[in-house]
Structure formats: structure tokens, C-alpha cells
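One structure is given here, and the rest of the page talks about it.
All of the numbers you see were taken from the coordinates with simple rules; none came from a lab. On a predicted model such as this, the values are computed, not experimentally measured, just so you know. A quick note on method: Cβ atoms are made from the backbone with ideal geometry, for glycine too, and the neighbour counts reach across all protein chains shown.
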Amino acid sequence: MADPQAALLTQLKNIQAKTGKTLAELHALLAGSGLAKHGEKRSWLMAQLGLGYGDANTVVSFEGKPLPDLGAAPGAPQATPAGDALDAIYTGNKAALRAMHEAVMARIHELGDFEIAPKKTYLSLRRSKQFAMVGPATAKQIEIGLNCKTLPEHPRLKMEKPGGMCQATTRIEAEAQIDADLMGWLKAAYDAAA
């Protein structure tokens, strides 16, 4: 018979890997949502971060309770969680951009599963290959790199030279710019990296 505690720990680690956030960060997001009821919080996590019912329910169930140690097994390689990378990326005059970064990432998670590979100054988002990059461009703008050869010409898109890390980039400076255009470009890049 499977060990229920081991299964729970695996589920919690998978939730953190999928969202790129620790349980404490997820609970902080829930606290900031202003929601009070368990079901509302579960639905919010499902809508905002793309978690399934069971995963979202588990996150809410751990609110206000001691969190289990989810550290790596002894001898296992230590991966840098995306949350830790964000602490390094969004420092100093760029710290105020972190909330907008998290809002962008929450919307990108709605597209489906992908891997987050933290780099020194941005997060690389990958499926079979990198489909996007997200990180601060200036103290007031986040840059989103897009890997998709079929993106249309658009005033908000800057087409990059061939051979670069991305075919196009765009910058946002307000959450209102996480709109249908941006999500359409991200979906095209996500689909192209299948």
C-alpha cells in the first residue's frame, strides 16, 4: 500500500514546481486575494495559477498550518526554486515590478504545463524548447521574449534579429497590458514549443 504521507509530500513538491512558488508564497497570494471561504480560494487558485481541483484544495487546506519540510533528499541536486530566483532578480529599483511579474506568470500558467528555468536576470519558460522569457527590462518595465516564427507585425512587438534568443520581445509597465494581444502571442509561442 502506498504511503499517504509520501504521496502528499510529492503532491506539494509538484505544486511548487508547477507554480514556481513555495507554499508560503501561495498562501501569501491567497491572503492578498481578499477571499475568505475555502471554496472561493480553491477556485481562485484554479483560475489564477491553473492548478487542478485537488492541488488547489491541498494548498488551501494547509493555510494556517505548519508546513512540512519539502527539502530535497540527502545527496539530491539542489535546484533553485523560481521564488528564490525572483528574490535575486527583483531587487533594488526593480523590486516593485515583482507583483506584475507574478501577475504575468499566473496568466501564463493558464496555458498549461511548462518548466521554469531560472536564469540570472529572467525566467526561461520551456516545453520541449524555450517558448518565452520573462524578466525586468528597466526599473519600470518587464520584458517578455517570445519564441514564435508566426507572430504578426504589431506596434507592441519588437522583432529581433535571426539567431537571437527570441524572435520577438514586448514590454509591459502595467497589469492592464496583460491583455488579449499579449496572451495570444504567448499562446502561439507556447503551442509552437510543444
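Here the Karplus curve 6.51 cos²θ - 1.76 cosθ + 1.60, taken at θ = phi - 60°, turns the phi angles of segment 111-116 into couplings of 6, x, 7, 6, 9, 10 Hz, with x standing for Gly and Pro. Of the peptides 38-45, 61-68, the ranking by mean beta-carbon count within 10 Å, highest at the top, reads 38-45, 61-68.
Stretching the chain fully between Lys187 and Ala47 yields a gain of 48.8 nm (0.36 nm per residue, less the alpha carbon separation). Shown here: mean projected area of the Cα convex hull in nm², derived from the displayed model; of the candidates (i) 14.4; (ii) 11.4; (iii) 13.0, it corresponds to (iii).
What is the local net charge at Glu175, summed over the other residues whose Cβ is closer than 11 Å to its Cβ (Lys, Arg +1; Asp, Glu -1)? Intermediate values should be presented prior to the final figure.
Working: positive: Arg107; negative: Glu102, Glu173, Asp179.
Net charge around Glu175: -2.
The stretch between Arg171 and Ser33 holds 47.1 nm of extra length on full extension. This uses 0.36 nm per residue minus the Cα-Cα distance. Segment 116-194 and segment 1-70 have Cα centres spaced 27 Å apart. With a Förster radius of 41 Å applied to the C-beta separation of Lys13 and Met159, the computed FRET efficiency comes to 0.55.
Converting phi to 3J(HN,Hα) with the Karplus coefficients 6.51, -1.76 and 1.60 and the offset θ = phi - 60°, segment 18-34 yields 5, 8, x, 10, 6, 4, 4, 5, 5, 5, 5, 4, 4, 4, x, 6, x Hz in sequence order, with x at every glycine or proline.
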